[in-house]
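Enquirer: Just passing along the structure, written as structure tokens.
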Amino acid sequence: MQNKTFVAVAVGLGLISLSACGSGDGKSSADSKTVTLVSHNSWAISKKVQRDFEKRSGYKLRVLKDGDAGQAVNKAILTKGNPQGDVFFGVDNSLLSRALDNGLFQPYTAKGLDKVGASYQLDKDKHRATPVDHGDICVNYDKAWFSEHKLTPPRTFADLVKPAYKNLLVTENAATSSPGLGFLLGSAAAYGDDGWQDYWKKLKANGVKVVDGWEQAYTQEFSGSTGGKEAGGDRPLVVSYASSPPAEVLYAKKRPSTAPTGVATATCFRQIEFAGLLGNAKNPEGAKAFLDFLISKEFQEDMPVNMYVYPVVQGAEVPAEFTEYGPAAENPETMAPEKIAANRDQWVKSWTSLVLK
């Protein structure tokens, strides 16, 4: 993994864990010319686009990355009285109610919100959370492994519990990882309130491996990723994103004719990510300017090749590679935010007892 190509894809896919990046210069948000963004490790932006924001707004952007999305949200809630920054990006629909119920954000209607698709505006009455992107959490598979073993890759949740796929899947901890939680919610949507636990019993019996976060699952355990091959990963199935295959293509040393990984299209759960103005932010005006910027066409079109997610702004274009190698799922599993809010914590508790003990 020690090469520039992998470093590039690592940034795009959220593989590199940094405590601070961007224009972090040691200044705090008390400096009214600096706006501090708190996010998960997957945050990435092109240098030119960041410079454009700084030039047009008059604010320097400082970025603090704080682990997986679940970890970052939990820490932001714990520090809300004295927040690390001014704006938070990376809370998704599976964790949104936790952030809102804990008063993490203060209301702000971002400029350009009228161009954001209505289906993404899950807090449209109070405007505490601004939609920024969407994507699909899905099982990815290593094409070469399945070809070599003359085995058809799984397509559905039901396929994953079949004996043919025993000891092949690695997923993330639903209690600590956003994609891990998304996969749990996808199974709950597919099998219902009464059926998902039985499904996970079968999945556990079929040898599913659980690790703390996406970085370990994808870059160390998964045999199909650039990092996984070099780390000796031996699991040809991993919970990741529908956009992971185009990432592998775009940042390969030599552009392949096809993506080395594929997606089990009937295992996808739709994820929407949001940003918000943190309560007690030291630079609320800078935070507002940055929230406006996040749903500008410039950022929305820059975002796919950096964070491998899809825009929420109408008319924003995505690279051709996304259409060819990683189109969004046509019929992903979804769940109403209020149902997630009502069940998430108990489901995670039950999942932990069932799968990890």
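Enquirer: Looking only at region 236-250, decide whether some residue is over 25 Å from ILE340 (Cα atoms), buried (at least 24 other Cβ atoms within 10 Å of the Cβ) and either small (Gly, Ala, Ser) or out of contact with any Gly (no Cβ under 9 Å at 6 or more places or on another chain) (or both). Give the derivation first.
Expert: From region 236-250, those over 25 Å from ILE340 (Cα atoms) are 236-237, 244-250; that's our starting set.
Now narrow it down to the ones that are buried (at least 24 other Cβ atoms within 10 Å of the Cβ): 236-237, 244-247.
Among the residues that remain, those that are also either small (Gly, Ala, Ser) or out of contact with any Gly (no Cβ under 9 Å at 6 or more places or on another chain) (or both) are: 244, 247.
Yes, because at least one residue in region 236-250 is over 25 Å from ILE340 (Cα atoms), buried (at least 24 other Cβ atoms within 10 Å of the Cβ) and either small (Gly, Ala, Ser) or out of contact with any Gly (no Cβ under 9 Å at 6 or more places or on another chain) (or both).
Enquirer: Another one. Scanning for something at pLDDT 95 or above and surrounded by fewer than 15 Cβ atoms within 10 Å (Cβ to Cβ), does region 293-300 turn up at least one residue?
Expert: In the first step, residues of region 293-300 are kept if they are at pLDDT 95 or above; the result is 293-300.
Next, only the ones that are surrounded by fewer than 15 Cβ atoms within 10 Å (Cβ to Cβ) stay: none.
So far as region 293-300 goes, no, none of its residues is at pLDDT 95 or above and surrounded by fewer than 15 Cβ atoms within 10 Å (Cβ to Cβ).
Enquirer: Residues being more than 21 Å from the chain's Cα centre (by Cα) and either surrounded by fewer than 22 Cβ atoms within 10 Å (Cβ to Cβ) or assigned to a strand (DSSP E or B) (or both): count how many of those fall in region 107-129. Don't jump to the end; show me each part of the working.
Expert: Keep residues of region 107-129 that are more than 21 Å from the chain's Cα centre (by Cα), which gives 107-115, 124-127.
Subsequent filtering for residues that are either surrounded by fewer than 22 Cβ atoms within 10 Å (Cβ to Cβ) or assigned to a strand (DSSP E or B) (or both) retains 107-109, 111-115, 124-127.
Selection size over region 107-129: 12.
Enquirer: Give me the residue from region 301-324 that is among the acidic types (Asp, Glu) and under 20 Å from the mean Cα position of the chain (by Cα) and, out of that set, surrounded by the fewest Cβ atoms within 10 Å (Cβ to Cβ). Reasoning before the result, please.
Expert: Here is the first cut: in region 301-324, the residues among the acidic types (Asp, Glu) are 301-302, 317, 321, 324.
Keeping just the survivors that are under 20 Å from the mean Cα position of the chain (by Cα) gives 301-302, 317, 321.
Details: GLU301: 17, ASP302: 20, GLU317: 11, GLU321: 18.
By that ranking, first place goes to GLU317.
Enquirer: I need the helices (runs of 4 or more DSSP H) fully contained in region 214-316, keeping only those with at least 1 residues that are of a type in the set (Val, Ile, Thr). Steps first, answer last, please.
Expert: Values: elements: 226-231, 244-250, 284-294, 297-302, 304-307.
Result: 226-231, 244-250, 304-307.
Enquirer: Restricting to region 222-232, what's the tally of residues that are surrounded by fewer than 23 Cβ atoms within 10 Å (Cβ to Cβ) and either in contact (Cβ under 8 Å) with a residue 60 or more places away in the chain or under 14 Å from TYR165 (Cα atoms) (or both)? Show your work before the answer.
Expert: Residues of region 222-232 surrounded by fewer than 23 Cβ atoms within 10 Å (Cβ to Cβ): 223, 227, 229-232.
Retained after the next criterion (residues that are either in contact (Cβ under 8 Å) with a residue 60 or more places away in the chain or under 14 Å from TYR165 (Cα atoms) (or both)): 223, 227, 230-231.
Number of matching residues: 4.
Enquirer: Same structure, new question: Out of all the residues in region 46-73, which are farther than 21 Å from LEU100 by Cβ and either buried (at least 23 other Cβ atoms within 10 Å of the Cβ) or touching a strand residue (DSSP E or B) at 6+ places or on another chain (Cβ under 7 Å) (or both)?
Expert: Taking region 46-73 first, the residues farther than 21 Å from LEU100 by Cβ are 46-65.
Those that are farther than 21 Å from LEU100 by Cβ and either buried (at least 23 other Cβ atoms within 10 Å of the Cβ) or touching a strand residue (DSSP E or B) at 6+ places or on another chain (Cβ under 7 Å) (or both): GLN50, PHE53, GLU54, TYR59, LYS60, LEU61, ARG62, VAL63, LEU64, LYS65.
Enquirer: Quick one: is THR323 part of a strand (DSSP E or B), out of contact with any helix residue (DSSP H, G or I) (no Cβ under 6 Å at 6 or more places or on another chain), at pLDDT below 95 and closer than 23 Å to ALA247 by Cα?
Expert: Values: part of a strand (DSSP E or B): no; out of contact with any helix residue (DSSP H, G or I) (no Cβ under 6 Å at 6 or more places or on another chain): yes; at pLDDT below 95: yes; closer than 23 Å to ALA247 by Cα: yes.
No; evaluated as a whole, the condition is false for this residue.
Enquirer: Are any of the residues in region 130-143 surrounded by fewer than 18 Cβ atoms within 10 Å (Cβ to Cβ) and more than 27 Å from ILE340 (Cβ to Cβ)?
Expert: Step one: of region 130-143, the residues surrounded by fewer than 18 Cβ atoms within 10 Å (Cβ to Cβ) are 143.
So of that shortlist, the ones also more than 27 Å from ILE340 (Cβ to Cβ) come out as 143.
Within region 130-143 (the criterion being surrounded by fewer than 18 Cβ atoms within 10 Å (Cβ to Cβ) and more than 27 Å from ILE340 (Cβ to Cβ)), the answer is yes, since at least one residue qualifies.
Enquirer: To continue, here is another question. Can you tell me which residues in region 176-209 are in contact with a Leu (Cβ under 8 Å, 6 or more places away or on another chain), surrounded by fewer than 17 Cβ atoms within 10 Å (Cβ to Cβ) and not in a helix (DSSP H, G or I)?
Expert: GLY207, LYS209
Enquirer: If you don't mind, there's one more thing I want to ask. Only one of GLU285, GLU230 is at pLDDT below 95 and either within 19 Å of the chain's Cα centre (by Cα) or of a type in the set (Asp, Glu) (or both). Can you tell me which?
Expert: Numbers: GLU285 fails: at pLDDT below 95.
Matching residue, one of GLU285, GLU230: GLU230.
Enquirer: State whether the residues of region 24-43 include one that is surrounded by fewer than 19 Cβ atoms within 10 Å (Cβ to Cβ), modelled with pLDDT of 80 or more and either of a type in the set (A, V, I, L, M) or not assigned by TED's automatic domain parsing to the domain that holds LYS297 (or both).
Expert: Pass one, region 24-43, residues surrounded by fewer than 19 Cβ atoms within 10 Å (Cβ to Cβ): 24-28, 30-33.
With the extra rule that they be modelled with pLDDT of 80 or more, the set shrinks to 32-33.
Now drop any that are not either of a type in the set (A, V, I, L, M) or not assigned by TED's automatic domain parsing to the domain that holds LYS297 (or both), which leaves none.
The answer is no; no qualifying residue exists.
Enquirer: Please work out if SER17 is at pLDDT below 95 and either assigned to a helix (DSSP H, G or I) or over 27 Å from GLY232 (Cβ atoms) (or both).
Expert: Working: at pLDDT below 95: yes; either assigned to a helix (DSSP H, G or I) or over 27 Å from GLY232 (Cβ atoms) (or both): no.
Spelling it out, it is not the case that SER17 is at pLDDT below 95 and either assigned to a helix (DSSP H, G or I) or over 27 Å from GLY232 (Cβ atoms) (or both).
Per-residue answers, yes or no, for (1) more than 18 Å from SER42 (Cα to Cα); (2) in contact (Cβ under 8 Å) with a residue 40 or more places away in the chain; (3) assigned by TED's automatic domain parsing to the domain that holds PHE157; (4) of a type in the set (Gly, Ala, Ser):
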| position | (1), (2), (3), (4) |
| --- | --- |
| ALA259 | yes, yes, yes, yes |
| ALA264 | yes, yes, yes, yes |
| ALA281 | yes, yes, no, yes |
| PHE290 | no, yes, no, no |
| LEU294 | no, yes, no, no |
| ASN306 | no, yes, no, no |
| VAL313 | yes, yes, no, no |
| ALA316 | yes, no, no, yes |
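The values are calculated or read from the model by the stated rules, or taken from the named source; none is laboratory data. All figures in this text were calculated on a predicted structure; none of them were measured in a lab. Positions of Cβ are backbone-derived with ideal geometry, glycine not excepted, and every protein chain shown enters the neighbour counts.
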